[in-house]
Amino acid sequence: MTTSASVPTEPEGAIRGGTVTDRLVDANERYASAFTDPGMDARPVLHVAVVACMDARLDLHAALGLELGDCHTIRNAGGVVTDDVIRSLTISQRALGTRSVVLIHHTGCGLETLTEDFRHDLEMEVGQRPAWAVESFRDVDQDVRQSMQRVRTSPFLLHTDDVRGFVFDVRTGLLREIDPT
Ligand SMILES: [Zn+2]
C-alpha cells in the first residue's frame, strides 16, 4: 500500500488536448447554457442530510431519487462521521432546517484495504504526523453502526431521532439497512 508519493500520474492529466479540469469547465458551459434559475432558497426541500462515502461508483442523487435542492450531501473517504461532518450536520440542522440524517457506506470501500499503518507510513514519508485518524475498518456494518452512534450522541445536533444507516452495494445498486443495535 502506498501513501502518496508513489501513486502514478499522467503527465499533466492530459485528456484530448486539455486537462481533466478543462473538460469539466467545458461541461459546465454547456450546463449553464441550458440552466434556468430554479428560484430555491438554501434550505433542503426534504429536510434531510445524507452523509456518504466519496466513492465514484455511488451516484447519490440517482440512487436515492433525489432532485436538485432536495438534500444536503456531505461526503468524505468512507462516509465517516468526523468532527467536520458533525460541523456540517450542525449547520445543516440549526441554520438550514434539516431534521433527518441518512448515512451511506458501501461494499468494496477503499478504507477496508487500509489500516492505521497508513498514518504511520505517511508520517515516516513526510516527517509530520497527520492530526486525523484514517478511520479504516474491517466490518462495514459495524462501521455504519459506529457512524449512527456518533450522530445520535452528538450534543450539537437538534434532531437525532431520525438517523438511519445503510450499505450501498456497488454491484446491484441496492441499499441494505443496518440495524443500529
Ligand atoms: Zn468508500
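Bear in mind these aren't lab numbers, they're just calculated from the coordinates by the rules spelled out. Note that this is a predicted model, so its numbers are computed, not measured. Cβ coordinates were reconstructed from backbone atoms using ideal geometry, including for glycine residues, and neighbour counts include every protein chain displayed.
Observations on the model:
- 5 angstrom amide H check on I74, placed H, neighbours 5+ away: V50, V51, A52
- Based on every Cα atom in the chain, Rg and the maximum pairwise Cα distance Dmax equal 18.6, 53 Å.
- Across the chain, the relative contact order, built from alpha-carbon pairs under 8 Å that are at least six residues apart, equals 21 percent.
- Kirkwood-Stokes translational diffusion coefficient of segment 99-181, alpha-carbon pairs, 25 °C, 0.890 mPa s, µm²/s: 170
- Once C-alpha pairs closer than 8 Å and six or more residues apart are averaged by separation and normalised to the residue number of segment 118-181, the relative contact order reads 24 percent.
- Spin-label model distance (nm) - D59 vs V126, 7 Å beyond Cα toward Cβ: 3.3
- Of all DSSP beta bridges in the chain, antiparallel share, percent nearest 5: 25
- Once backbone amide H atoms are built at 1.01 Å from N, G165 has L103, I178 as its partners under 5 Å, excluding neighbours fewer than 5 places away on the same chain.
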